[in-house]
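Novice: Okay, here's the structure, questions in a sec.
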Protein chains: 2
Amino acid sequence: MLKIYLKEKREIFEKYLQEKMTELKYPERLAESMIYSVMNGGKRLRPVLMYMIADIFNQDYSRIEDTAAALECIHSYSLVHDDLPAMDDDTYRRGKLTTHKKFDEATAILAGDALLTYAFYVISASEKIENSGKVNIIRILSDYSGINGMVGGQYVDMESENKEISFDTLKYIHSHKTGKLLKAAVELPLEALAIEGKQKEVLLEYSELIGIAFQIKDDLLDIEGDFEKTGKESSDEKNNKTTYPKLFGLEKTKEILNDYTEKAKQLIRENFENAEILVELADYISNRGE
Amino acid sequence: MLKIYLKEKREIFEKYLQEKMTELKYPERLAESMIYSVMNGGKRLRPVLMYMIADIFNQDYSRIEDTAAALECIHSYSLVHDDLPAMDDDTYRRGKLTTHKKFDEATAILAGDALLTYAFYVISASEKIENSGKVNIIRILSDYSGINGMVGGQYVDMESENKEISFDTLKYIHSHKTGKLLKAAVELPLEALAIEGKQKEVLLEYSELIGIAFQIKDDLLDIEGDFEKTGKESSDEKNNKTTYPKLFGLEKTKEILNDYTEKAKQLIRENFENAEILVELADYISNRGE
């Protein structure tokens, strides 16, 4: 059930995104590198999560698809910059050459910059969102993706290489580097659809739980997974990073992952009658790659 | 007269900007690198130009200072990324170490990303601009600073190194790489102050003329100026770039610069009675460094 849903929504989203990005034309090679970076074979977890929220509240996608495109542009730019030689120095991502390997380093830097900028253009120029909605979305998105969000998480992650770090620091990295954009994927459609109160609270808490689970699973995959499964080399070990398995060992890490997943599922089941898809998603996140 | 004005407004702006950026706290070293990149001893031409527009229409600065801060964050991030080893590979800017030399390359990449993101946060979170104004400002700013603006210009500039390029391509580079943000410095306050019609048209044309003049002068300074005057090494020659002097020779280039400057001045004098400051600014741009 979930697999079909994921595939279907991913296809709907990618069609929209691809169409949207045809408006990027010149400089040609820069546009090409931006499109290459975004059409990257990813699972589109964030946009699909946005569609799930819309489905739960029986809303069509027209009010959220520009925001989904923007969020994915930001996620994609962060991967492009993260892969650069001065950062993680990765050659492959999901089995494809990283942007700086496919093009060159300067192009990858500028493609990332242009994608980040384009994200805010897409929202501000959207014909489907009202002005107050646009402002709230841009405020949340820029907050969650900048120094107080994703970039802050990336920075501390990088700073922590070859160092012993505390569990608090590890939690900060996880909740910011990956967690904030996953939270955005839930919060932004709630914003667009003007959902408030208890339901919003529960869904935001759910997003935080699956964000942490996602990152713990990433740590596990990085150890257990091989190139074929993850499409990339083991960066954590290469960069000597503190991870859940390093702090707690493999067995205990799996237990912690399970706890987060169960808590996320329970929260949904207790508060929603029609959100089984979010329960399945929590399982999917903690089981992926298996 | 102009010199005092420039100094005074620069000080007003820097006080505002510095105060604003104290809200950036953690990760500490990332915040520090962002502030280092922005408090860079620049002339603050763009913010000051915004203040000039406000002065001409007798408006106080409260409605434009957040936008000025955002514009300067974008300008500053572009310098940080432009200076990176994979791009211009500069060690100094205005006599100070570039961000990647003062900190490190990865920090410079992330500081640039965070500054660009912060620009949109500052506008969207501003307490002084109404929602429709915010949306227009963000749309213009993201358009002028992304693939269709500054980043596009930087890309073609880079692509043109060690190559013969046409005069049209050179004009594209100039009007995008530098011109678009100078245009933004005029257009954004007009937007914030809701100025329309002939006056808007004239001021936008003026901004385009001084933008080109600015870039031609930059080409001249790069040849004539030495490290003491410009605070940086001659990058154009190092990177074998096509410039006005290379295409037209030194004397003809000075004539062209003069033509643009005179046209800009004339436009202001014919259409405004109280905008002598913009006439002086045009002269200042074409005479700086002398």
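The values are calculated or read from the model by the stated rules, or taken from the named source; none is laboratory data. Keep in mind that this is a model prediction, so the values were computed, not measured. Here the Cβ positions follow ideal geometry from the backbone for every residue, glycine too, while neighbour counts run over all protein chains shown.
Novice: Condition first: in contact with a Cys (Cβ under 8 Å, 6 or more places away or on another chain) and aliphatic (A, V, I, L, M). Can you find one or more residues in the range A:171-179 that meet it? Outline the logic, then answer.
Specialist: Step one: list which residues in the range A:171-179 are in contact with a Cys (Cβ under 8 Å, 6 or more places away or on another chain), which gives none.
Scanning the range A:171-179, I find no residue that is in contact with a Cys (Cβ under 8 Å, 6 or more places away or on another chain) and aliphatic (A, V, I, L, M), so the answer is no.
Novice: Within the range A:144-161, track down each residue that is polar (S, T, N, Q) and under 12 Å from A:L181 (Cβ atoms).
Specialist: A:S145, A:Q154
Novice: Give the range B:44-92 a look and list any residue that's away from every other protein chain (no Cβ under 13 Å), outside any helix (DSSP H, G or I) and of a type in the set (D, E), or say none.
Specialist: B:D60, B:D90
Novice: Does A:N274 meet the test of being among the polar types (S, T, N, Q) and assigned to a helix (DSSP H, G or I)? First the steps, then the outcome.
Specialist: Numbers: among the polar types (S, T, N, Q): yes; assigned to a helix (DSSP H, G or I): no.
The answer is no for A:N274.
Novice: Mind checking whether some residue in the range A:191-206 is farther than 23 Å from A:S78 by Cα, touching a Ser or Thr at 6+ places or on another chain (Cβ under 7 Å) and modelled with pLDDT of 90 or more? Give the steps one after another, and end with the answer.
Specialist: Taking the range A:191-206 as the starting set, the residues that turn out to be farther than 23 Å from A:S78 by Cα are A:191-203, A:205-206.
Right, trim to touching a Ser or Thr at 6+ places or on another chain (Cβ under 7 Å) and you get A:192.
Filter once more, keeping what is modelled with pLDDT of 90 or more: none.
No, the range A:191-206 contains no residue that is farther than 23 Å from A:S78 by Cα, touching a Ser or Thr at 6+ places or on another chain (Cβ under 7 Å) and modelled with pLDDT of 90 or more.
Novice: Can you name every residue in the range B:165-186 that is assigned to a loop (DSSP other than H, G, I, E, B) and over 24 Å from A:E105 (Cβ atoms)? Outline the logic, then answer.
Specialist: Taking the range B:165-186 as the starting set, the residues that turn out to be assigned to a loop (DSSP other than H, G, I, E, B) are B:165-166, B:178.
Selection gives B:S166 alone.
Novice: Of these, B:G95, B:G41, which one is in contact with a Gly (Cβ under 7 Å, 6 or more places away or on another chain), more than 14 Å from chain A (Cβ to nearest Cβ) and farther than 30 Å from A:D168 by Cβ? If you could, list the steps in order and put the result at the bottom.
Specialist: Values: B:G41 fails: in contact with a Gly (Cβ under 7 Å, 6 or more places away or on another chain).
Going through B:G95, B:G41 in turn, the sole match is B:G95.
Novice: Can you spot a residue in the range B:6-28 that is assigned to a loop (DSSP other than H, G, I, E, B), surrounded by 18 or more Cβ atoms within 10 Å (Cβ to Cβ) and away from chain A (no Cβ under 14 Å)? Let's see the steps before the verdict.
Specialist: Just the residues of the range B:6-28 that are assigned to a loop (DSSP other than H, G, I, E, B), to begin with: B:22-27.
Then drop every residue that is not surrounded by 18 or more Cβ atoms within 10 Å (Cβ to Cβ), which leaves B:24, B:27.
Those left that are additionally away from chain A (no Cβ under 14 Å): none.
Checking the range B:6-28: not a single residue is assigned to a loop (DSSP other than H, G, I, E, B), surrounded by 18 or more Cβ atoms within 10 Å (Cβ to Cβ) and away from chain A (no Cβ under 14 Å).
Novice: Then there's this: Which condition number does A:D219 fail, the rest of (1) of a type outside the set (A, V, I, L, M); (2) modelled with pLDDT of 95 or more; (3) under 18 Å from the mean Cα position of the chain (by Cα) being met?
Specialist: The number of the failed condition is (2).
Novice: So, one more: On the basis of being more than 13 Å from chain A (Cβ to nearest Cβ) and over 20 Å from the mean Cα position of the chain (by Cα), does B:G197 make the cut? Walk me through how you get there before you give the answer.
Specialist: On the way: more than 13 Å from chain A (Cβ to nearest Cβ): yes; over 20 Å from the mean Cα position of the chain (by Cα): yes.
When the stated conditions are applied, B:G197 passes them.
Novice: Something else: Quick one: A:I210 ticks every box in (1) closer than 20 Å to A:I74 by Cα; (2) out of contact with any helix residue (DSSP H, G or I) (no Cβ under 6 Å at 6 or more places or on another chain) bar one, so which box is it?
Specialist: With respect to (1) closer than 20 Å to A:I74 by Cα; (2) out of contact with any helix residue (DSSP H, G or I) (no Cβ under 6 Å at 6 or more places or on another chain), A:I210 is out only on (2).
Novice: I've got another one for you. Within the range A:102-116, track down each residue that is buried (at least 24 other Cβ atoms within 10 Å of the Cβ), aliphatic (A, V, I, L, M) and within 7 Å of chain B (Cβ to nearest Cβ).
Specialist: Answer for the range A:102-116, where residues must be buried (at least 24 other Cβ atoms within 10 Å of the Cβ), aliphatic (A, V, I, L, M) and within 7 Å of chain B (Cβ to nearest Cβ): A:I109, A:L110, A:A114, A:L116.
Novice: Residues being within 20 Å of the chain's Cα centre (by Cα) and without any contact (Cβ under 8 Å) to a residue 24 or more places away in the chain: count how many of those fall in the range A:90-116.
Specialist: 2
Novice: Shifting gears a bit: Consider the range B:117-168. How many of its residues are in contact (Cβ under 8 Å) with a residue 40 or more places away in the chain and more than 7 Å from chain A (Cβ to nearest Cβ)?
Specialist: Total meeting the criteria: 21.
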